[in-house]
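Encoded as structure tokens, the structure appears first; notes follow it.
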Amino acid sequence: MVFSRLNRLFLFLFMVSSMFFLAGCGNNQVDPEDLRNTGNNTLIIPDLIRHFEKCKVPIKTVQLIRPDVAHADDAVSIRVDGKEIGIYKYNVNIRKQRENLARIMSENYLYLVGFKKDVIVNRAFVMVGANENPKKELLEKSFMSFK
């Protein structure tokens, strides 16, 4: 009798712990330490602009913007089809930037000056504003092919 109660208790505890484990598996948290070997960290924003030009993205203007707004290392604003798009470059060799990038990758958004913005992330680069752009598909395809 005691043994069967003990078995039931272990079975119950196993089921409960399995539920917590499985719930944790669905979590899309990115570990900042996994970002240490991000492949395009050595590339810079001008490399991305040249890549966009090769992909026939119709860039009208490129302007420097403040990267500290997004806690990034470098940033530009590009005008494509009459809409501004922000490009932020994070340096994964800097712990705090790596942590910020991991959070952005996990949440798929970024707060800029208090406004929640959807983002597209390609390793060390984050693009903001592409979802509202008429050239969204071209921008996303070009951005994600940048390596």
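The values are calculated or read from the model by the stated rules, or taken from the named source; none is laboratory data. Keep in mind that what you see is a predicted model, and the values were worked out from it rather than measured. As a convention, Cβ positions derive from the backbone with ideal geometry for all residues, glycine included, and neighbour counts pool all protein chains shown.
Brief remarks on what is shown
- If the condition is being among the hydroxyl-bearing types (S, T, Y) and in a helix (DSSP H, G or I), then the range 117-147 contributes only S142.
- Scope the range 46-62; condition surrounded by 14 or more Cβ atoms within 10 Å (Cβ to Cβ) and of a type in the set (S, T, N, Q); matching residues: none
- Sub-9 Å Cβ pairs linking a first residue in the range 32-54 that is part of a helix (DSSP H, G or I) to a second residue that is modelled with pLDDT of 95 or more and of a type in the set (D, E), at least 6 apart or interchain, are I45/D74, ordered by first then second residue.
- Residue within the range 128-136 that is surrounded by fewer than 18 Cβ atoms within 10 Å (Cβ to Cβ), in contact (Cβ under 8 Å) with a residue 60 or more places away in the chain, farther than 18 Å from E53 by Cα and assigned by TED's automatic domain parsing to the domain that holds D81 present: no
- Residues in the range 87-116 that are closer than 22 Å to V62 by Cβ, in a loop (DSSP other than H, G, I, E, B) and either in contact (Cβ under 8 Å) with a residue 60 or more places away in the chain or not aliphatic (A, V, I, L, M) (or both): Y90, N91.
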